[in-house]
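Here the structure is laid out as structure tokens; the discussion comes afterwards.
The values are calculated or read from the model by the stated rules, or taken from the named source; none is laboratory data. Predicted, not measured: the structure shown is a model, and the values here were computed from it. Backbone-built Cβ (ideal geometry, glycine too); neighbour counts: all protein chains shown.
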Amino acid sequence: VYRRVYVRTYGCQMNEYDSALMLQVLEEAGYLAAESAEEADLVILNTCSVRQKAEEKVYSDLGRLKALKRNGAGPRIAVAGCVARHRAEQILAAAPFVDLVFGPDAIPNLPQLMERVETGADPVLATGIPDRDQTPFLALSRVAPRQVSAFVTVMRGCDRFCTYCIVPYVRGREVSRPSDAVLAEVAGLVGRGVREVTLLGQNVNSYGRGHAGEPDFPTLLDRVDAVPGLDRLRFVTSHPHDCTPALMERFASLERLCEYFHLPLQAGSDAVLARMNRRYTAADYLEKVDYLRRIAPRVHLSSDLIVGFPGETEEDFARTMEMLERVRFDSLFSFKYSPREGTRAADLPDDVPEEVKLRRLHELQARQDELSFQSLQGFQDRTVEVLVEGTSKRDQHEWMGRTRSNVVVNLAEPQGSPAVDLLGRLVDVRIERIHRHSLHGVMVGSPR
Ligand code: SAH
Ligand code: SF4
Ligand code: F3S
């Protein structure tokens, strides 16, 4: 009999990648993937602790899973990811029915850990951070049926220590993955039908640092871009301090690298940036953006911003709003500051009242919504290449995909054309309507 496993993923793309690795390791040990927690013999929550809200989600989901565990029956329950690493004792205290708590570095041992769960009475813990370079990177070869797009880890951990951020504590020191392994993984995924790859790291610009003989990140991009059969290449995330002209020049020179750049700014005030330990000023950031727009004007720029960092005054916040006007991001992710125990900012008073954080967040988002909408206007009546990822959320008879600049497009087939299976195909789409956060158009020509 097969055991069935269900993985629920929270947080960033690193966790999505890790979840795919967990499924791969468990499938190799004889498990099958389940469609829901109710159908599973093992439920894994792959958690995120970047903000308080993300962390609380785990406890509410555990509360719900408890109902499945009545009378000693029900699935085994495991907690993985960043909260597991950081809060193992609290998890077991709040949810004593949890069977296993494990950190990202324990993924290769998952089958052995499950054996210990099955043979012992107590919950099993595997949350340590091993020494740098001790755990090899696993190779991901698993693709879901008809998967179009995949993540590929190029490094783990982070050495930046932005003062608000928990990631360096829960993910450990930065380690780059050998470039040969990255290239082999990309080639393998492409061989299994994947057309788009996103390279992952918390700060990809420091790729290769401290690893003799390895290329730097722009050179790695050159090599991945040349993998035969790959159609689209993306990467996240870049830290502005380490963002070099050589990196930005790749947007002009590489054919598959898509015109989308995520460059988190975090704040517009130099005083706040300094307290965040970001090591650049607003002027430094603008200089990089100017260079990018000069050499690669079609690149869509997105960013992350935090409001209500300790000591953020109205004047500081006005600098953030000013950056929206000066940079004109095409899209933006924005967050209220959330103190994380153990970080340096947690020692500063969290002195911006909740209602002020909320007001600033709303003001920021309202203005960015207008700017994002203006950016989308540029697509009207243009024909753009879309990689089809699935069906539209609103209308199951329509397809959904993304432009190279990462904008969602819902598309109809031209009237009278026979229904074609477009999943995983590259199609040219003529944009006819602009919505708030997406585009709508009609396919022209034939899919590739
Ligand atoms: N390594 C990436 C981002 C990791 S976390 C980078 O450097 O860009 C993703 C985003 O969450 C961050 O860019 C930041 O905007 C936000 N974030 C991180 N810690 C936070 C905190 N304590 N409170 C609010 N937002 C936070
Ligand atoms: Fe966190 Fe900064 Fe590292 Fe990004 S670069 S993961 S924000 S410490
Ligand atoms: Fe969250 Fe961990 Fe990613 S804290 S954002 S899942 S690295």
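Within this structure, Arg425 fails the test of being closer than 21 Å to Leu233 by Cα and exposed (fewer than 15 other Cβ atoms within 10 Å of the Cβ). Of the residues making up region 61-92, those that are closer than 24 Å to Gly172 by Cβ and part of a helix (DSSP H, G or I) number 12. If I filter region 126-135 for residues that are in a strand (DSSP E or B) and either modelled with pLDDT of 90 or more or touching a strand residue (DSSP E or B) at 6+ places or on another chain (Cβ under 7 Å) (or both), do I get at least one hit? The answer is yes; a qualifying residue exists. If only residues of region 248-306 that are outside any loop (DSSP other than H, G, I, E, B) and among the aromatic types (Phe, Trp, Tyr) are counted, the one that is farthest from Gln202 (Cα to Cα) is Tyr291.
Kindly indicate whether Val58 is within 16 Å of ligand 3 (Cβ to nearest atom), in a loop (DSSP other than H, G, I, E, B) and out of contact with any Asp or Glu (no Cβ under 8 Å at 6 or more places or on another chain). When the stated conditions are applied, Val58 does not pass them. In region 146-191, the residue that is nearest to ligand 3 (Cβ to nearest atom) out of those that are among the charged types (D, E, K, R) and either assigned to a loop (DSSP other than H, G, I, E, B) or more than 21 Å from Leu257 (Cα to Cα) (or both) is Arg171. Any chance region 258-274 includes a residue that's free of Cβ contacts under 8 Å to residues at least 12 places away in the same chain and surrounded by fewer than 16 Cβ atoms within 10 Å (Cβ to Cβ)? Yes: region 258-274 contains one or more residues that are free of Cβ contacts under 8 Å to residues at least 12 places away in the same chain and surrounded by fewer than 16 Cβ atoms within 10 Å (Cβ to Cβ). Selection within region 331-353: residues that are without any contact (Cβ under 8 Å) to a residue 24 or more places away in the chain and in a helix (DSSP H, G or I). The member of this set that is farthest from Ile434 (Cα to Cα) is Asp347.
Residues in region 192-219 that are in contact (Cβ under 8 Å) with a residue 12 or more places away in the chain, surrounded by fewer than 22 Cβ atoms within 10 Å (Cβ to Cβ) and part of a helix (DSSP H, G or I): Asn205, Ser206, Pro218.
Which of the residues that make up region 232-255 are hydrophobic (A, V, I, L, M, F, W, C) and more than 16 Å from ligand 1 (Cβ to nearest atom)?
Leu233, Ala246, Met248, Phe251, Ala252, Leu254
For the condition acidic (Asp, Glu), outside any loop (DSSP other than H, G, I, E, B) and within 23 Å of Ala144 (Cβ to Cβ), Glu389 qualifies.
Name every residue in region 400-442 that is of a type in the set (A, V, I, L, M) and in contact (Cβ under 8 Å) with a residue 40 or more places away in the chain, in order of residue number. Scanning region 400-442 gives Val407, Leu423, Leu426, Val427, Val429, Ile431, Ile434, Leu439. Considering only residues that are within 24 Å of Cys12 (Cβ to Cβ) and charged (D, E, K, R), look in region 209-230 and name the one that is farthest from the chain's Cα centre (by Cα). The extreme case among them is Glu214.
To keep it simple, each residue is scored yes or no on (1) buried (at least 19 other Cβ atoms within 10 Å of the Cβ); (2) under 24 Å from Ser149 (Cα atoms).
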residue	(1), (2)
Glu16	no, yes
Glu38	no, no
Leu42	yes, no
Ser60	no, no
Leu68	no, no
Ile91	yes, no
Pro96	no, no
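Residues in region 296-325 that are out of contact with any helix residue (DSSP H, G or I) (no Cβ under 6 Å at 6 or more places or on another chain) and charged (D, E, K, R): Arg298, Asp304, Glu314, Glu315, Arg319, Glu322, Glu325. Being more than 16 Å from ligand 2 (Cβ to nearest atom) and hydroxyl-bearing (Ser, Thr, Tyr) holds for only one residue in Ser60, Ser49, and it is Ser60. If only residues of region 29-67 that are of a type in the set (D, E, K, R) and either touching a Cys at 6+ places or on another chain (Cβ under 7 Å) or without any contact (Cβ under 8 Å) to a residue 24 or more places away in the chain (or both) are counted, the one that is nearest to Thr163 (Cα to Cα) is Glu56.
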